[in-house]
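Participant: Questions regarding the structure given below will be posed in turn.
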Amino acid sequence: MKNSLYFIVLLALLVISCNKETNIEPKELVGKWEPTYQVFNESTQQWETLKVYMLLPKIEFTSNGSFLINNRPAAEGDCCGSLGNKYGVSGKTIIFSEFNTPCPDALCLSSNCKDWIIKRLASDTLELKQCPNVTYRYIRGK
């Protein structure tokens with residue numbers, strides 16, 4: 001009986017520790033990130049290399065909370081108003097702010113794309129679920 005109680009307590013602690021959401025500190029993101037041209041295929045649960053020509057930008061998270069795309073403020077080239085010049089992190093979500101006004105004639109995929117989900121962050125690898133529901137892999141730049 002005593003062993004059963006210990007086992008139940010141990011199992012409960014294990015379940016609680018596994019269910020805790022990992023909070024990511026903004027300082028862990030700071031730096032330049034280069035695209036690997038790999039996307040995660042949800043149906044096969046595999047990483048695939050893009051087979052079509054598509055120019056993906058380099059992204060940068062600065063220590064003062066700025067978000068840059070190809071060394072320029074991110075909102076500068078965003079006609080849909082989904083990328084901001086500033087970022088913050090809540091849990092595993094990157095939340096953008098300081099948006100530009102959307103372009104009047106822009107055809108945008110979704111108006112609800114104001115944050116990205118961090119799927120994985122290691123010292124040299126960043127996997128981001130971006131709009132419209134695509135997960136890209138980046139490596140830390142030099």
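The values are calculated or read from the model by the stated rules, or taken from the named source; none is laboratory data. The structure presented is a predicted model; accordingly, all values stated were derived computationally and were not measured. Counting neighbours? That spans all protein chains shown, and the Cβs are built from the backbone with ideal geometry, glycine included. Protein only, heavy atoms only, side chains kept; ligands, DNA and RNA dropped before computing areas. Shrake-Rupley method; radii C 1.70, N 1.55, O 1.52, S 1.80 Å.
Participant: Using the Karplus curve 6.51 cos²θ - 1.76 cosθ + 1.60 with θ = phi - 60°, work out ³J(HN,Hα) for each residue of the stretch 86-99 in order, rounded to whole Hz, and write x for Gly and Pro.
Facilitator: 10, 9, x, 10, 10, x, 10, 10, 8, 10, 8, 8, 6, 7
Participant: Give me the one-decimal nm value for the distance between modelled label points at R72 and N23, 7 Å along each residue's Cα-to-Cβ direction.
Facilitator: For R72 paired with N23, the spin-label model returns 3.6 nm.
Participant: Follow-up. Keeping all protein chains in place, calculate the accessible area per residue for the stretch 47-111 (probe 1.4 angstrom), answer in Å².
Facilitator: Per residue, the stretch 47-111 has 63 Å² of solvent-accessible surface.
Participant: Moving to a separate point now. Distance in nm between label sites at E42 and D124, each 7 Å beyond Cα in the beta-carbon direction?
Facilitator: Modelled inter-label distance: 3.1 nm.
Participant: If you don't mind, there's one more thing I want to ask. Could you order K58, K129, K51 so the one with the most accessible surface comes first? Probe is 1.4 Å.
Facilitator: I get K51, K58, K129, largest accessible area first.
Participant: Where in the stretch 41-69 does the label zone of I117 land, with the point 7 angstrom along Cα→C-beta and an amide N cut-off under 11 Å?
Facilitator: none
Participant: If a/c stays under 1.5 just call it rounded; otherwise compare a/b with b/c (prolate if a/b is bigger, oblate if not). Do that for the stretch 16-142, with a ≥ b ≥ c from the square roots of the Cα gyration tensor eigenvalues.
Facilitator: Taking the square roots of the gyration eigenvalues as a ≥ b ≥ c, the stretch 16-142 is rounded.
Participant: Here's another thing I want to ask about it. In nm, give the distance between the simple-model label positions of E34 and K142, each being 7 Å from the Cα along the Cα-to-Cβ direction.
Facilitator: Label at E34, label at K142, 0.7 nm between them.
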